[in-house]
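Here's the structure we're looking at; comments come further down.
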Amino acid sequence: MSDRVKLDISIADYPHTRKLISGEIPIKGVEANFIEVKPQIGAFRRMVRDVEFDVCELAPTTYIIARAFGSPFKALPVFVMRTFHHGTIVKLPNAGIETPKDLEGKKVGIRAYSVTTCVWNRQILEEEYGVDNSKITWVVDDEEHVQALMLPPNVIRAPEGRSLFEMMLDGEIVAGSSGNSGVGRIGSPTGGWKTVKTDWPKLIPDAAARDKAAYDATGVYPMHGTIVVKDEVLARHPWVARSLCDAFQKAKDDWMADWQKGIGDSNEDETYRKLAQIVGDPLPYGLEANMATIDALRIAAFKQGLTPRLMTVGEIFVDPTKL
């Protein structure tokens, strides 16, 4: 490792990655060229379709699908975004939607079928509320990142030029994923969008309590940002995986040292303070601490028809403790 390896890296700017991006925390043996992509979802597509970066933050479901279809990169057990999902489905008032089961036979808006938020949502609907997701018409307004993915027949595209937000306003859909993953934005899904404020009620009104109950029962803490590394980089320089994991951990530890003292008032800081009341460590890294969540997502991806077979943990993740 006398000469540092040059790596093009694209990750989002979070409080817990900021010192990494600024270079204050170095990556041992690596000359890092950080490439900013806003929103980070734009980098997802560039990585999945063109393998543009050496290291990239990807949505975990997008990654698992890409890996299942042969994409030449593998994930580290570093998860830079987390949240729960009982509160991320909203409904149109006075549309006859009283319980999750009432979504059967209706149209629901999501950015794309493989969006990780929506995968977690469908898991909740099926496993906790007995919803038959095949009886819901999922209305999407974006392409899937992984072009090889074949969608089920109950997925349809929104009319050209119509946002899911507008369709919800007009009653063309009766529910949707909130925020940028669904009915909470207008504009291009992969760039130039505008977030819009909405006051649609949550489909699950006691969402916070359900989040805690589900976590206490299962240990599943949904992840959203996963770090992947090109296979060729790992083959030539296997130590890079350990260096990256150590650097991400150091950046997180430095952030948490301040965060635990009440320093930091960004939206992310406040979000993770609330999540910590349920989970303790709001950003656990490593395979062991995340196995219940990893298993839940890889199984959900298979059950929902997103991967042609059930992917094993070893196929999906590098174990840096063995390097």
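How high is the relative contact order of the chain, in percent, counting Cα pairs under 8 Å that sit 6 or more residues apart?
After rounding, I find 28 percent.
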Spin-label pair Leu169/Glu270, simplified geometry with 7 Å Cα→Cβ offset, distance in nm: 2.6 nm
Long-range HN-HN contacts of Val5 with modeled amide H, under 5 Å: Val30, Glu31
Inter-probe distance in nm under a simple model that places probes 7 Å from Cα toward Cβ, at Asp102 and Phe69: 3.6 nm
Cα-based helix-to-principal-axis angle, 287-303 vs the chain, degrees rounded to 10: 40 degrees
Under the Karplus curve 6.51 cos²θ - 1.76 cosθ + 1.60, θ = phi - 60°, whole-Hz ³J(HN,Hα) for segment 66-72, x wherever Gly or Pro sits: 4, 5, 4, 9, x, 5, x
Among Val146, Ser134, Leu164 - extreme Cα towards positive end, dipole of segment 125-211, charges at beta-carbon: Leu164
Residue (of Phe84, Gly42, Ala59) at the positive-pole extreme of segment 1-89, dipole from beta-carbon charges: Phe84
Inverse mean reciprocal Cα-Cα distance (Kirkwood Rh) of the chain, Å: 20.3 Å
C-alpha center-to-center spacing [segment 159-187, segment 84-110] in angstrom: 13 Å
In degrees, nearest ten, helix 239-259 long axis to first principal axis of the chain (Cα): 70 degrees
Separation of the Ile186 and Asp206 label points, Cα + 7 Å toward Cβ, nm: 3.7 nm
Protection proxy ranking, peptides 160-167, 309-316, 244-251, average beta carbon neighbours within 10 Å, highest first: 244-251, 160-167, 309-316
Nearest 10 degrees, 0 to 90: helix 267-279 Cα axis against the chain principal axis: 80 degrees
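Taken together, the values in this text are just the output of simple stated rules run on the coordinates, not laboratory data. Here the structure is a predicted model, which means the values were calculated and not measured. For neighbour counting, all protein chains shown are included, and Cβ atoms are generated from backbone atoms with ideal geometry for every residue, glycine included.
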